[in-house]
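Student: For reference, the structure I am asking about is given below.
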Amino acid sequence: MSGTEPQLIREELVELSVFRAVTAGLPDYGYVLVNGINNTSGNGNVFVREAFPTPEERSQELTITTLAFGFNIDDGGEPAELGTNLTRYVHTLICWTFALEPRFGRRLAHTIKNIARRNLDLLPLYDFNQDPEVQIDTLNVMKTQVRHEVNNSPRPWDQYVWTTALAVQDFCYPA
């Protein structure tokens, strides 16, 4: 990380850690990421992106099933311990699956849910401000939910869409 760039804040660490866990877990279920670390051929069946696509992007042809991390909403936090400022936050992260066909999209959305729940409902929390990044804590997966987003839009990206919501619990001392 550059010395002029501000450090990532805790919320960003949560987002990036969940993004990493999902992305790293997809190959275990048979998915080949177009932009994956181990993919040297450039071929694959899923494209993963950190941000929700823009309206301009969504008006173009969808050529590969795309997983987009769209939103992170936290609950504002609540005190977790008497006498300290330890705070419990629940972050709800929404992963959007834009698929070329319904069966594949539904399967991918449920796979994301399974990745979050497979290790005793725990996901590693990394500090990406350190080089190399280190695991500093764990996030407890509280709830996962898949929803089919029905839409009558003619845009190609809106034909087969699912959202997977992941609610994770984080305890930290606010700075």
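Student: I'd like to know how region 73-130 sits against the 2.2 N^0.38 Å rule of thumb: what's its Cα Rg over that expected value?
Tutor: Cα-based Rg divided by the globular estimate yields 1.60.
Student: Shape of region 43-115 from its Cα gyration tensor (a ≥ b ≥ c, root eigenvalues): rounded if a/c is under 1.5, otherwise prolate when a/b > b/c, or oblate?
Tutor: Working: a/c = 4.01, a/b = 2.34, b/c = 1.71.
Since a/c reaches 1.5 and a/b is larger than b/c, the shape of region 43-115 is classed as prolate.
Student: Based on DSSP, what percent of beta bridges with both residues in the chain are antiparallel, to the nearest 5?
Tutor: Counting DSSP beta bridges with both partners in the chain, the antiparallel share is about 90 percent.
Student: Can you tell which of 124, 64, 29 lies farthest toward the positive end of the dipole of region 1-124, using +1 and -1 charges on the Cβ of basic and acidic side chains (Lys, Arg; Asp, Glu)?
Tutor: Among 124, 64, 29, the one farthest towards the positive end of the dipole of region 1-124 is 29.
Student: Related question: What are the GluC sites (Glu not before Pro) within region 8-111 that DSSP puts in a loop, where the Cβ has at most 13 other Cβ atoms within 10 Å?
Tutor: 50, 61, 81
Student: Per the helix-only calculation at 222 nm, which mean residue ellipticity applies to the chain, given -39500 (n - 2.57) for every DSSP H run of n ≥ 4 and division by its residues, nearest 500 deg cm²/dmol?
Tutor: Taken over the chain, the calculation gives -6500 deg cm²/dmol.
Student: Using r as the Cβ-Cβ distance of residue 175 and residue 49, and R0 as 22 Å, what FRET efficiency do you calculate, to the nearest 0.05? Show your work: numbers first, answer last.
Tutor: Details: r = 29 Å, r/R0 = 1.34.
Efficiency, from the Cβ-Cβ distance: 0.15.
Student: Let me ask something else about it. Please give the Cα centre distance for region 141-162 versus region 41-85, rounded to the nearest Å.
Tutor: 13
Student: With contacts defined as alpha carbon pairs under 8 Å and 6 or more residues apart, what's the relative contact order of region 43-175 in percent?
Tutor: 28
Student: Here is a follow-up. Between residue 84 and residue 103, 0.36 nm times their residue separation minus their Cα-Cα distance comes to what?
Tutor: 2.0 nm
Student: With charges set only on the Cβ (+1 for Lys and Arg, -1 for Asp and Glu), what does the dipole of the chain come to about its Cα centre, in debye to the nearest 20? Write out the running numbers ahead of the final one.
Tutor: Working: 14 positive and 22 negative charges, 178 e Å.
Dipole about the Cα centre, nearest 20: 860 debye.
Student: For the chain, take the longest principal axis of its alpha carbons; what is the angle in degrees between that and the long axis of helix 102-117, to the nearest 10 within 0 to 90?
Tutor: With both axes taken from Cα atoms, the answer is about 20 degrees.
Student: Which angle from 0 to 90°, rounded to the nearest 10, does the C-alpha axis of helix 10-25 make with the longest principal axis of the chain?
Tutor: 50
Student: Between residue 20 and residue 148, what FRET efficiency follows from the Cβ-Cβ distance if R0 is 30 Å, with the result rounded to 0.05? It would help to have the intermediate numbers written out before the result.
Tutor: Values: r = 26 Å, r/R0 = 0.87.
Taking R0 as 30 Å, the efficiency between residue 20 and residue 148 is 0.70.
Student: Counting only heavy atoms of protein chains, what accessible area per residue, in Å², does region 7-100 have with a probe of 1.4 Å? Numbers along the way, then the final one.
Tutor: On the way: 5010 Å² over 94 residues.
Accessible area per residue, region 7-100: 53 Å².
Student: Next question. Please report, to two decimal places, log10 I(q)/I(0) for the chain at q = 0.10, 0.11, 0.17 Å⁻¹ as given by the Debye formula with identical point scatterers on the Cα atoms and no solvent.
Tutor: Ignoring solvent entirely, the Cα scatterers give -0.42, -0.51, -1.10.
Student: Over the chain, what percent of the accessible surface lies on carbon and sulfur atoms, probe 1.4 Å?
Tutor: Of all accessible area on the chain, carbon and sulfur atoms account for 51 percent.
Student: Same structure again: What nm distance separates the two modelled labels at residue 59 and residue 130, each placed 7 Å from Cα along Cα→Cβ?
Tutor: That separation, rounded to one decimal, is 4.6 nm.
Student: Next question, about the same structure. Between residue 155 and residue 75, what's the calculated FRET efficiency when r is the beta-carbon distance and R0 is 41 Å? Round to 0.05.
Tutor: In this case the efficiency is close to 0.80.
The values are calculated or read from the model by the stated rules, or taken from the named source; none is laboratory data. Note that this is a predicted model, so its numbers are computed, not measured. Cβ atoms come from the backbone with ideal geometry, glycine included; neighbour counts cover every protein chain shown. Ligands, DNA and RNA are stripped out before the accessible areas are found, and what is left, the full protein with its side chains, is counted by its heavy atoms. Shrake-Rupley method; radii C 1.70, N 1.55, O 1.52, S 1.80 Å.
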